[in-house]
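Written out below as structure tokens is the structure these notes cover.
The values are calculated or read from the model by the stated rules, or taken from the named source; none is laboratory data. Nothing here was measured: the structure is a model prediction, and the numbers come from that model. So basically every Cβ, Gly included, is an ideal-geometry build from the backbone, and we count neighbours across all protein chains shown.
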């Protein structure tokens, strides 16, 4: 229970501002270190998404470790629903259109749908947290490997059927062509490494403070944990990704925008949900948590279907995705 709601609100706002600023600085420094290490554009994109996801991942881990399962699950799933609306939906509305090759939608979308499906299965009790972690890693690890190695190695991977190799190579090449101009930074040095460690510490501390004060305020005013996590914390911690994606969309970087969105959602599920859940469990899920899981899966499927059919997202499709998020907020609050 919050003793001083006004102080908690001030601490929450200050932690959000500091944490988001530190998160943006962390992205820049780690991208520079990744460039120095010779990472591919796709691998740099994954690294950038992980850095930008640190606030929601940390907030989720903190909540799950404290037994606040609805808050922890809500941060991950609510953030993912918010990402679809703020990154792809708003990006399409602002830019007028996000153009996408269908093979890119299929390649990234298959991973995203798998993550959403396993998340739903875990929350409805179909699979345990440890099995769920194994299932998401079974797809995520190969995806990371493909992103990290050169396209020449992928093209000559004998364990993949020829048609699948060609499909993957073309999809990754299209993404990398955009990511090269979107995230290619200058090479970093020792100073970047030290600053990255400092920024990481600030992000973690700020995220813990946000989770603590948000749940305290929620308890003080009778706000359900799933609303605190799935709407308040989810939206605030996802703002860095939203700003970056809208910027990419306005520059016509459709594949980079899609990759940023779906990579962020995938990393949230893997690192923010299943890794801590495999250790401390998911607990008994409320109807709100299951609603968030189904909504995440449904809006992911709808967004990808629209992107595939129209070879991208126009303003009207972007507005549909945003409307899907607004409906999610209304239904979750009205429960």
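Any residue at all in the range 269-280 that's closer than 21 Å to residue 135 by Cβ, touching a helix residue (DSSP H, G or I) at 6+ places or on another chain (Cβ under 6 Å) and surrounded by fewer than 16 Cβ atoms within 10 Å (Cβ to Cβ)? Working first, answer last.
Here is the first cut: in the range 269-280, the residues closer than 21 Å to residue 135 by Cβ are 269-280.
Right, trim to touching a helix residue (DSSP H, G or I) at 6+ places or on another chain (Cβ under 6 Å) and you get 269-274, 276-278, 280.
Those still in the list that are surrounded by fewer than 16 Cβ atoms within 10 Å (Cβ to Cβ) too: 280.
Yes.
Is it the case, given these coordinates, that residue 322 is farther than 13 Å from residue 78 by Cβ and either within 22 Å of the chain's Cα centre (by Cα) or surrounded by 15 or more Cβ atoms within 10 Å (Cβ to Cβ) (or both)?
On the way: farther than 13 Å from residue 78 by Cβ: yes; either within 22 Å of the chain's Cα centre (by Cα) or surrounded by 15 or more Cβ atoms within 10 Å (Cβ to Cβ) (or both): yes.
Considered against the rule, which asks whether it is farther than 13 Å from residue 78 by Cβ and either within 22 Å of the chain's Cα centre (by Cα) or surrounded by 15 or more Cβ atoms within 10 Å (Cβ to Cβ) (or both), residue 322 comes out as yes.
Would you mind stating whether residue 121 is on the phi < 0 side of the Ramachandran plot, surrounded by fewer than 24 Cβ atoms within 10 Å (Cβ to Cβ) and without any contact (Cβ under 8 Å) to a residue 60 or more places away in the chain? Reasoning before the result, please.
Details: on the phi < 0 side of the Ramachandran plot: yes; surrounded by fewer than 24 Cβ atoms within 10 Å (Cβ to Cβ): yes; without any contact (Cβ under 8 Å) to a residue 60 or more places away in the chain: yes.
The answer is yes for residue 121.
Within the range 294-305, residues that are free of Cβ contacts under 8 Å to residues at least 24 places away in the same chain sit with their Cβ atoms under 7 Å from residues that are part of a helix (DSSP H, G or I) and surrounded by fewer than 22 Cβ atoms within 10 Å (Cβ to Cβ), at 6+ positions apart or across chains, in these pairs: 302/324.
Restricting 64, 46 to those that are over 17 Å from the mean Cα position of the chain (by Cα) and in contact (Cβ under 8 Å) with a residue 24 or more places away in the chain reduces the list to 64. Filtered by the rule that a residue be at pLDDT 95 or above and more than 11 Å from residue 89 (Cα to Cα), the range 311-330 gives 326, 327, 328, 329, 330. Selection of the range 225-263 for residues being within 12 Å of the chain's Cα centre (by Cα), in a helix (DSSP H, G or I) and over 20 Å from residue 308 (Cβ atoms) yields 234, 235, 237, 239, 240, 241, 242. All told, residue 82 meets the bar of being assigned to a helix (DSSP H, G or I), at pLDDT 90 or above and closer than 28 Å to residue 30 by Cβ.
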